[in-house]
Amino acid sequence: MFDFLNFLELLNNQSIDKALESIKDLFHLAKIDVKLSNGEVIIEYALNNNSSKKPLVCYSNDEFTFEFYNVDSFDDYSKEQINDINVLLRLLSIHQKTSMLTKKVEDAMLINMTSHLPNTHGYMKNLKELSGRIDPKEYNAYFINIKGFGLVNRLFGSEQGDKAICAYAHMINDFLSKDEAMAHLGGDNFCAFIKRKRHDEFVNLVTMCPVKIEAEGKIHKVNLIGVVGYVEINDNDLSYPNIMSNSSIACQYARATKKIVVKLTPELLEMVNSAKRIESIFNEELEKGNFVVYYQPKFDIKSGKIIGVEALSRWINNGNVIPPGVFVPILEKNGEIVNLDLYVLETLCKDIAKYRSLGHNIVPASCNLSRSDFSIPDIEDKVINIIKKYDVKTKDIVIEVTETTNLEENKRLAKFINTMNQNGIMTAIDDFGTGYSSLSVLRDFKVSEIKIDRSFINREILTDSDEIIIGSIIDMAKRLNINVICEGVETKSQAEFLTKLGCLNAQGFLYSKPIPKQDFEEMLQSVGTIYDK
């Protein structure tokens, strides 16, 4: 009698060739072959004593029952042998179908179910296979996040959003050449392993990708803007930290600092690692005065004089000035950001009170409140109490807030702005135009000022479309008696473009970067203000 236990052991050990050989020996078969086709198991075998006839072929269905052909080939077999053959066929069928399902599960673990392209596990598996035939030092590793993609979902729905993501993912995949790799990590996050000589071509592709979205019977063209962090591979290490983590850090830094492309350098990595320690030492650093307030002036484009100033936080760590893009996300995540924001507001109010007591020039000064600050129930009272504590005139202070795409957050924001308005305190919308509710903000929120986001003018060539969009924003704001200022102005051509459209207020590196208080005081004296008599 056939040893079924040994046969099962051979199958379980993935020794199917040996298992088939054992069948051939017992039943004197000339051949036996097992195949998979369209989910069915097909078994074909031929008898030694019946070689003139066609091989016997059978296939199993989902119930593991068989249909046989050339049944006359069984003439020389006993019923017991035929029963054994049937059992063996079922065992083979179950094993093959199990193997097929196992492979499907394994494959599913390596792909993203939305785009059907490699996920994190598939990406690392592909890199491992690549490592044996390439020189990693000729490559860059990239992490890409689509800027403001939540807006696409809200405007067109998640189904169309998924289609846009798939189009973007396959665009990257189609770009790949031999010995390169990419992954769709889920949502609007991607990574890629690209030859360094193709860096510029790749970055140009992923930072501005046009996709078509269908909505309400119309085709809409939407540009998906990828924010890119990347690291140059300088050794043969293709491990997860080197490939994924470091490029992800660079991307996070790019998002936090509102940049499009950031390369991770040893200096940046050290800065980021240092900033992470702030979560445990923040309060101590705040008490020591290691958080300082820098001032970035706002200018009248035509006269070149100062019209206002924004207070910004900087962390001084071992003599190094660390920008807020490094530490603010950490404080926002753990809820400590409100303490820093109120510290900056109090420092600003102290300085305003001091300048006024000394008879110095005063320009309206603003400071930011983070979105997470509005989760504090009494944030309005805290802000008002600080302003009153230093007897700051309400015309001298502006609270900048950022619009949001979250309905509940917008309700809290509206409540805050209305409370400020009732107390005569001016408010401004920072990064205007990056939220999906920008136009309703102009209508519903009683703000004094909007700051047009830098992304509107951060282009090499400003087109007629840019002129129409920005000009419309400026015109609507003016008609609503809302002051307009554009941030991120870095070139004279941008300033001229804004002047042409009627926006005469600007803030950006063309005029001044954020500077220490003493430097700002000197600038006030040398440049003067538009309010000078």
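Things to note:
- A count restricted to region 344-372 and to residues that are at pLDDT below 90, out of contact with any Ser or Thr (no Cβ under 9 Å at 6 or more places or on another chain) and under 15 Å from VAL401 (Cα atoms) stands at 1.
- Of all residues in region 189-208, none are within 19 Å of GLU159 (Cβ to Cβ) and out of contact with any helix residue (DSSP H, G or I) (no Cβ under 6 Å at 6 or more places or on another chain).
- Candidates TYR531, TYR511 - the one that is hydroxyl-bearing (Ser, Thr, Tyr) and touching a Phe, Trp or Tyr at 6+ places or on another chain (Cβ under 8 Å): TYR511
- Residue match in region 198-208 (condition: in contact (Cβ under 8 Å) with a residue 12 or more places away in the chain, over 24 Å from HIS121 (Cα atoms), surrounded by fewer than 20 Cβ atoms within 10 Å (Cβ to Cβ) and touching a Gly at 6+ places or on another chain (Cβ under 7 Å)): yes
- Hits in region 292-321 (condition: of a type in the set (S, T, N, Q) and either under 20 Å from GLN507 (Cα atoms) or in contact with a Lys or Arg (Cβ under 7 Å, 6 or more places away or on another chain) (or both)): GLN296, SER303, SER313
- Every residue from region 107-124 that is surrounded by fewer than 17 Cβ atoms within 10 Å (Cβ to Cβ), out of contact with any strand residue (DSSP E or B) (no Cβ under 8 Å at 6 or more places or on another chain) and not acidic (Asp, Glu): ALA108, MET109, MET113, HIS116, HIS121
Let's see how each residue does on (1) of a type in the set (Val, Ile, Thr); (2) part of a loop (DSSP other than H, G, I, E, B); (3) surrounded by 19 or more Cβ atoms within 10 Å (Cβ to Cβ); (4) over 39 Å from the mean Cα position of the chain (by Cα):
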site: ALA353; (1), (2), (3), (4): no, no, no, yes
site: ILE362; (1), (2), (3), (4): yes, yes, no, yes
site: SER366; (1), (2), (3), (4): no, no, yes, no
site: PHE374; (1), (2), (3), (4): no, no, yes, no
site: PRO377; (1), (2), (3), (4): no, yes, no, no
site: ASN385; (1), (2), (3), (4): no, no, no, no
site: VAL392; (1), (2), (3), (4): yes, yes, yes, yes
site: VAL398; (1), (2), (3), (4): yes, no, yes, no
site: VAL401; (1), (2), (3), (4): yes, no, yes, no
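- Only one entry in ALA506, ALA495, ALA477 is more than 30 Å from the chain's Cα centre (by Cα), farther than 18 Å from ILE417 by Cβ and either modelled with pLDDT of 85 or more or not assigned by TED's automatic domain parsing to the domain that holds THR402 (or both), namely ALA495.
- Just one of the listed residues (GLY226, GLY186) is of a type outside the set (Phe, Trp, Tyr), at pLDDT below 90 and in the same structural domain as ASN246 (by TED's automatic domain parsing), namely GLY186.
- Every residue from region 216-228 that is in contact (Cβ under 8 Å) with a residue 60 or more places away in the chain and within 17 Å of LYS147 (Cα to Cα): VAL222, LEU224, ILE225, GLY226, VAL227, VAL228
- Residue that is part of a strand (DSSP E or B), among the aliphatic types (A, V, I, L, M) and over 17 Å from the mean Cα position of the chain (by Cα), where the choices are ILE281, ILE316: ILE316
- Just one of (1) among the hydroxyl-bearing types (Ser, Thr, Tyr); (2) at pLDDT 90 or above; (3) not assigned by TED's automatic domain parsing to the domain that holds LEU185 fails for SER274. It is (2).
- Residue in region 234-254 that is more than 18 Å from GLY325 (Cβ to Cβ), in contact with a helix residue (DSSP H, G or I) (Cβ under 9 Å, 6 or more places away or on another chain) and part of a strand (DSSP E or B) present: no
- The C-beta contact set for region 334-351 (first residue in a helix (DSSP H, G or I), second residue acidic (Asp, Glu), distance under 6 angstrom, 6+ apart or interchain) comprises ASN334/GLU279; VAL338/ASP373; ASP341/ASP373.
- Residues within region 454-480 that are more than 16 Å from PHE432 (Cβ to Cβ) and free of Cβ contacts under 8 Å to residues at least 24 places away in the same chain, tallied: 7
- Checking each residue in region 152-177 for being surrounded by fewer than 16 Cβ atoms within 10 Å (Cβ to Cβ) and modelled with pLDDT under 90 picks out ARG154, LEU155, GLY157, SER158, GLU159, ASP162.
- Flag for THR402 being under 29 Å from ASN153 (Cβ atoms) and free of Cβ contacts under 8 Å to residues at least 60 places away in the same chain: yes
- LYS451, sole failed condition from (1) charged (D, E, K, R); (2) over 23 Å from LEU224 (Cβ atoms); (3) without any contact (Cβ under 8 Å) to a residue 40 or more places away in the chain: (3)
- Listed by first and then second residue, the pairs linking a residue in region 359-371 that is closer than 15 Å to LYS517 by Cβ to a residue that is of a type in the set (S, T, N, Q), with Cβ atoms under 7 Å apart and 6 or more places separating them unless they lie on different chains, are ASN361/THR529; VAL363/THR529.
- Residue-level check: of (1) touching a strand residue (DSSP E or B) at 6+ places or on another chain (Cβ under 6 Å); (2) in contact (Cβ under 8 Å) with a residue 40 or more places away in the chain; (3) under 27 Å from THR265 (Cβ atoms); (4) of a type in the set (Val, Ile, Thr), ILE213 misses just (3).
- For first residues located in region 484-506 and among the basic types (Lys, Arg), partners that are at pLDDT 90 or above and lie 6+ apart or on another chain with Cβ distances below 8 Å form the pairs LYS492/LEU510.
The values are calculated or read from the model by the stated rules, or taken from the named source; none is laboratory data. In this text the structure is predicted, and so the values were computed from the model without any measurement. Every residue, glycine as well, gets a Cβ built from its backbone with ideal geometry; the counts of neighbours run over all protein chains shown.
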